[in-house]
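The values are calculated or read from the model by the stated rules, or taken from the named source; none is laboratory data. The model shown is predicted, which means the values in this text are computed figures rather than measured ones. Here the Cβ positions follow ideal geometry from the backbone for every residue, glycine too, while neighbour counts run over all protein chains shown.
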Amino acid sequence: MDGADLLPNSAPFPRVSLESLRRKITACRRCPRLVRWREKVAREKKAAYRREVYWGKPVPGWGDPKARVVVVGLAPGAHGANRTGRMFTGDESGRWLYRALWRAGWASQEESVGRDDGLHLRQVWITSPVKCAPPDNRPTPKERDACAGFFKKELLLLESARVYLALGGFGFEAVARFFGLRPKPKFRHGVEVPLPGGRWLLGCYHVSQQNTFTGRLTEPMLDAVMKQAGRRAGLSVGKD
Ligand code: SF4
């Protein structure tokens, strides 16, 4: 089953639920290098977080199960999601992303510091094609493929999704692969690719410090992409 089966009246809906998928993901130890790395980071910690207990496990997606916008990153950050156990939570990348979602009106607050910080998402789900923090933010193709089954099941369960907002080329390619797009669309910031069933794949520079500190990605640029996503998903954005 591939992304084309997301079309209405197509293949039967998978019986697995998001909750059972979440349990399967968090128990996974399939990639030896990533298991070693995520646990090493969790043991050794960053000085600023030395008193904290790191999550140190795969990080499942989270958000509104009825989301119309699915934000697709790359993988958990070593001292962000791998520490807190929630995607884009507890690091600078997450601060940028959640502030933008809050400005768009899709997050209940602009801060995202831990799993119990009271943050709620409306109409948005946040995930990644690889569920474990990789060294240097670079999973191998073998690790990407090992995790593809989880990503695929997750996207199939998010039935209401209309827009897949990919932060960076890795997430963009993963969504394109899921939908079996040929020829492969080229990632660029702001690109919009039509998908089966009236859905859309949108490209946005990743909210990594590499992009935000250098000015390659600015807050107005991120807000503009959120507006694009909202328009394609039929959602109101901010004061629109
Ligand atoms: S990256 Fe995915 S497949 Fe590999 S260990 Fe983590 S959850 Fe399992």
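General observations
- Checklist (1) over 19 Å from R99 (Cα atoms); (2) in a loop (DSSP other than H, G, I, E, B) applied to G197, failing item: (2)
Let's see how each residue does on (1) at pLDDT 95 or above; (2) outside any helix (DSSP H, G or I); (3) within 15 Å of the ligand (Cβ to nearest atom); (4) not hydroxyl-bearing (S, T, Y):
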{"site": "R144", "(1), (2), (3), (4)": "yes, no, yes, yes"}
{"site": "A148", "(1), (2), (3), (4)": "yes, no, yes, yes"}
{"site": "K152", "(1), (2), (3), (4)": "yes, no, yes, yes"}
{"site": "L156", "(1), (2), (3), (4)": "yes, no, no, yes"}
{"site": "A161", "(1), (2), (3), (4)": "yes, yes, no, yes"}
{"site": "L165", "(1), (2), (3), (4)": "yes, yes, no, yes"}
{"site": "G171", "(1), (2), (3), (4)": "yes, no, yes, yes"}
{"site": "R177", "(1), (2), (3), (4)": "yes, no, no, yes"}
{"site": "P185", "(1), (2), (3), (4)": "yes, yes, no, yes"}
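- Qualifying positions in the stretch 82-124 - under 21 Å from Q209 (Cβ atoms), in a loop (DSSP other than H, G, I, E, B) and basic (K, R): R86
- Entry remark, the stretch 117-139: residues being without any contact (Cβ under 8 Å) to a residue 12 or more places away in the chain and farther than 21 Å from R103 by Cα number 2 in total.
- Residues within the stretch 212-238 that are in a helix (DSSP H, G or I) and either among the polar types (S, T, N, Q) or over 14 Å from Y164 (Cα atoms) (or both), tallied: 8
- Extreme residue, farthest from the ligand (Cβ to nearest atom), among residues of the stretch 116-134 that are surrounded by fewer than 15 Cβ atoms within 10 Å (Cβ to Cβ) and not acidic (D, E): G118
- Residues that are aromatic (F, W, Y) and over 15 Å from the mean Cα position of the chain (by Cα) within the stretch 90-105 comprise just one, W102.
- Only residues that are within 12 Å of the ligand (Cβ to nearest atom), in contact (Cβ under 8 Å) with a residue 12 or more places away in the chain and of a type outside the set (A, V, I, L, M) were counted across the stretch 35-82, and they come to 10.
- Criterion: at pLDDT 95 or above, more than 20 Å from the chain's Cα centre (by Cα) and of a type in the set (A, V, I, L, M, F, W, C) - qualifying residue of V71, V41: V41
- Just one residue in the set A67, A78, A133 is within 26 Å of G234 (Cβ to Cβ) and of a type outside the set (D, E); that residue is A67.
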